[in-house]
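Computed from the coordinates by the stated procedures, all read-outs in this text should not be read as laboratory data. Source: prediction; values computed, not measured. Glycine gets a Cβ as well: all are built from the backbone with ideal geometry, and neighbour counts include every protein chain shown.
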Amino acid sequence: MSDYWITENPLNPRDVIDLVIRPEAGAINTFIGTVREFTEGKQTLFLEYQAYESMAVKKMEEIGHEIEQQWPDARTAIAHRTGRLEISDIAVVIAVSTPHRADSYEASRYAIERMKEIVPIWKKEHWHDGEKWIGDQKEKHPGVPSKEEVQ
């Protein structure tokens, strides 16, 4: 298994954590993103995630390399789920190990913020009265299509 992957199967945080455990790491920070029921007062029924998978994995690897540049002793693993997810399902798991806790917190936060910026993963929120695609990355990269271009 790679340290970075996209899957339609349910995510097990332990699978991601196991990839970053090592004797020199004194801290492992794990971020688990789940499907929430309410967004800005609007009730979500379920989400549907789609990804430009090959590019998404490359961008996740790029985030891992960026983290290694800023926190040289860090090890990172990231998994994101696609398909239909119900309320409370796990959508993303990020694990970062470092020798000291402060670095693991900072690197983990960096990873999820960069995911939102550059990884071509889109979600469609489904409500009682409609649906909408969300996830227009802030950074546009050559070869990374918008959600509209992928459809």
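Between HIS65 and THR39, what's the calculated FRET efficiency when r is the beta-carbon distance and R0 is 30 Å? Round to 0.05.
According to the calculation, E is roughly 0.40.
Over the chain, what is the mean sequence separation of C-alpha contacts under 8 Å (at least six apart), divided by residue count, expressed as relative contact order in percent?
Relative contact order here is 32 percent.
Taking R0 as 25 Å, what's the FRET efficiency between GLU86 and ARG22 from their Cβ-Cβ distance, rounded to 0.05?
0.15
In degrees, nearest 10, range 0 to 90: what is the angle between the Cα axis of helix 53-70 and the longest Cα principal axis of the chain?
40 degrees
Using a basic spin-label model with each label point 7 Å from the Cα along Cα→Cβ, how many nm lie between ASP129 and ARG109?
3.6 nm
Using only the alpha-carbon atoms, how far is helix 101-118 inclined from the longest principal axis of the chain? Give it as 0 to 90 degrees, nearest 10.
That works out to roughly 30 degrees.
Between (i) 16.4; (ii) 18.4; (iii) 15.9, which matches Kirkwood radius over Cα pairs in Å calculated for the structure shown?
(iii)
I want to verify the translational diffusion coefficient of segment 35-112 in µm²/s; compute it with Stokes-Einstein, Rh as the Kirkwood radius over Cα pairs, at 4 °C and 1.567 mPa s.
92 µm²/s
Rank-order 34-43, 21-30 by packing density, defined as the average count of other C-beta atoms within 10 Å over each peptide's residues, highest first.
Per-residue mean Cβ counts within 10 Å order the peptides as 21-30, 34-43.
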